[in-house]
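The values are calculated or read from the model by the stated rules, or taken from the named source; none is laboratory data. Predicted model only: the values in this text are computed from it and were never measured. Neighbour counts run over all protein chains shown; Cβ positions are idealised from the backbone, glycine included. When the accessible area is computed, the model is the full protein with side chains, heavy atoms only, and any ligands, DNA or RNA have been set aside. Shrake-Rupley method; radii C 1.70, N 1.55, O 1.52, S 1.80 Å.
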Amino acid sequence: MTDIVATNETILVAGGGISGMTAAIEAAECGKDVILVEKSPSLGGRVSQLYKYFPKLCFPTCGLEINLRRIKVNKRLHILTMTEVTNVSGNAGNYTATVKTSPRYVNENCTACGACAEAVSAEVDNPFNYNMNKTKAVYLPHNMAHPQRYVIDPGIIGSDEADKAKAACKYQAIELDMQETTIELNVGAIVWATGWKPYDAAKIQPYGYDRFDNVITSVEFERMMDPFGPTGGKLLRPSDSKQAKNLAFIQCAGSRDRNHLTHCSRVCCMASLKQATYLTEQYGDDEKAKASIYYIDIRAIDRFEDFYRKVQDDPKVSFIKSKVANITVDQESGNPILHGVDTEGYHRYSNPHDLVVLAVGMTPSVDISEIASGVSTDSSGFIQVNVDNGGIFAAGCASNALDVNRSVQNATAAALRAIQVVNKVSAAEA
């Protein structure tokens, strides 16, 4: 970090997900010096954890690979992983950003050979798979991780396991005495692209996420489908590892609810429609494979309408217009049982399913008010467009609940606004 020079003509991008990567690349390719900070060990954010995009059902590895290629060849773009912004002061054209970097315990000599991981036996929860399985305490975050460099879990520092990892490395890449560092960066503009996090499903008590093994979230379901995910790409119930063929998707799980999130997260309907198509991929023409989508209304607008109609025509998928009241469990089978009223027929139901997927809403990952005072946010914590924000611009899901396509467009706009700020600084000093 000490070799990075930042000036008031530098743009700081906070967050290395798809929005942050886009903003950083666009600004750097316009000839601006950019520092991109990401609190995780690698870039990619939530998009890297997806199995497929909607509506084309293509894999996100494609888009990420293109962005990574652009990043690697741009000398104006500097990346700091395991780094987060802890404080921002100043004003447009002259900000001081305090950034904190946590120790990785692995330096740039790492070739990602994996010898260090092979040498240890200790395991930790796997954050990339939402802690649904274990990974070695010395690990590569995921296959497309950038930088391609291992990480050592701090929990084994000072133990024999850490010493084993160090001894196994042929490239002097492991530094067990790394310490947390904090520096201040002088920058002219900031793109805030810290992304989103899933709403805590445990707060929706009637659905029993924290009590019932076979009630999971939409983001966890997405990782299950990935061949590199916790179940190797198989739809297996957490309770007994049996195949799940009768699925329920509950829309607006915590969203549009005065007790939880008042806003609509926009992507949840399309995410569940996409995930319903995974049944055919998994089971082919098996008649026992079926998905029931419990919904208030389906919000699939513009180009997504055709995809919605395609899913409606799938005989495996049925739609139940209802806000599920609560979930119980059949003790013998372990099946979750959904209770509620079908508002199209006004009859009560108690429907058993193998697995229930909660389409949880999106909330901002970071409360910017704790870091940069005076930035305008709405009641949900998303950053609003406001002239009083000065040279701080929100990108992607820091600005609102957005899908990938709209996040990229939004990030490009944020980059252009940041460029205008530093251009004014340059012109004033010319």
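Computed values, structure above
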{"quantity": "Top-ranked residue of region 67-107 - restricted to ones that are charged (D, E, K, R) and within 20 Å of residue 182 (Cβ to Cβ), ranked as most open to solvent (accessible area, probe 1.4 Å)", "calculated": "84"}
{"quantity": "Cβ pairs under 6 Å, 6+ apart, first in region 38-51 and without any contact (Cβ under 8 Å) to a residue 60 or more places away in the chain and closer than 21 Å to residue 102 by Cα, second crowded, with 22+ Cβ neighbours inside 10 Å and of a type in the set (Gly, Ala, Ser)", "calculated": "38/16"}
{"quantity": "Residue within region 233-249 that is over 19 Å from residue 334 (Cα atoms) and at pLDDT below 95 present", "calculated": "no"}
{"quantity": "Total residues in region 342-356, condition open to solvent by less than 50 Å² (accessible area, probe 1.4 Å) and either part of a strand (DSSP E or B) or at pLDDT 95 or above (or both)", "calculated": "7"}
{"quantity": "Criterion: under 29 Å from the mean Cα position of the chain (by Cα), among the aliphatic types (A, V, I, L, M) and open to solvent by 40 Å² or more (accessible area, probe 1.4 Å) - qualifying residue of 325, 359", "calculated": "325"}
{"quantity": "Among residues of region 275-301, those that are open to solvent by 30 Å² or more (accessible area, probe 1.4 Å), touching a strand residue (DSSP E or B) at 6+ places or on another chain (Cβ under 7 Å) and among the β-branched types (Val, Ile, Thr), counted", "calculated": "1"}
{"quantity": "Any pair with Cβ under 8 angstrom, 6 or more apart, that starts in region 323-340 at a residue that is assigned to a loop (DSSP other than H, G, I, E, B) and ends at one that is aromatic (Phe, Trp, Tyr) and modelled with pLDDT of 95 or more", "calculated": "323/294; 324/207; 324/294"}
{"quantity": "One residue from 319, 304 being touching a Ser or Thr at 6+ places or on another chain (Cβ under 9 Å) and surrounded by 15 or more Cβ atoms within 10 Å (Cβ to Cβ)", "calculated": "319"}
{"quantity": "Some residue of region 39-59 being farther than 30 Å from residue 271 by Cα, part of a loop (DSSP other than H, G, I, E, B), touching a Phe, Trp or Tyr at 6+ places or on another chain (Cβ under 9 Å) and of a type in the set (D, E, K, R)", "calculated": "no"}
{"quantity": "Contacts under 9 angstrom Cβ, first residue in region 64-87 being under 16 Å from residue 35 (Cβ atoms), partner buried (at least 20 other Cβ atoms within 10 Å of the Cβ) and modelled with pLDDT under 95, 6 or more apart", "calculated": "78/6"}
{"quantity": "Some residue of region 10-29 being open to solvent by 10 Å² or more (accessible area, probe 1.4 Å) and farther than 17 Å from residue 408 by Cβ", "calculated": "no"}
{"quantity": "Any hit, region 233-245, residues being hydrophobic (A, V, I, L, M, F, W, C) and open to solvent by 10 Å² or more (accessible area, probe 1.4 Å)", "calculated": "yes"}
{"quantity": "Any hit, region 366-376, residues being modelled with pLDDT under 95, in contact with a helix residue (DSSP H, G or I) (Cβ under 9 Å, 6 or more places away or on another chain), not acidic (Asp, Glu) and not in a helix (DSSP H, G or I)", "calculated": "yes"}
{"quantity": "Region 209-232, residues that are of a type outside the set (D, E, K, R) and either surrounded by fewer than 16 Cβ atoms within 10 Å (Cβ to Cβ) or more than 23 Å from the chain's Cα centre (by Cα) (or both)", "calculated": "212, 227, 228, 232"}
{"quantity": "Test for residue 272: is it surrounded by 21 or more Cβ atoms within 10 Å (Cβ to Cβ) and touching a Gly at 6+ places or on another chain (Cβ under 7 Å)", "calculated": "no"}
{"quantity": "Unique match (being surrounded by 15 or more Cβ atoms within 10 Å (Cβ to Cβ), in contact with a strand residue (DSSP E or B) (Cβ under 6 Å, 6 or more places away or on another chain) and hydrophobic (A, V, I, L, M, F, W, C)) among 145, 165, 115, 119", "calculated": "165"}
{"quantity": "Strands (runs of 3 or more DSSP E) (entirely within region 177-220) containing at least 1 residues that are touching a helix residue (DSSP H, G or I) at 6+ places or on another chain (Cβ under 7 Å)", "calculated": "189-192, 196-198, 215-217"}
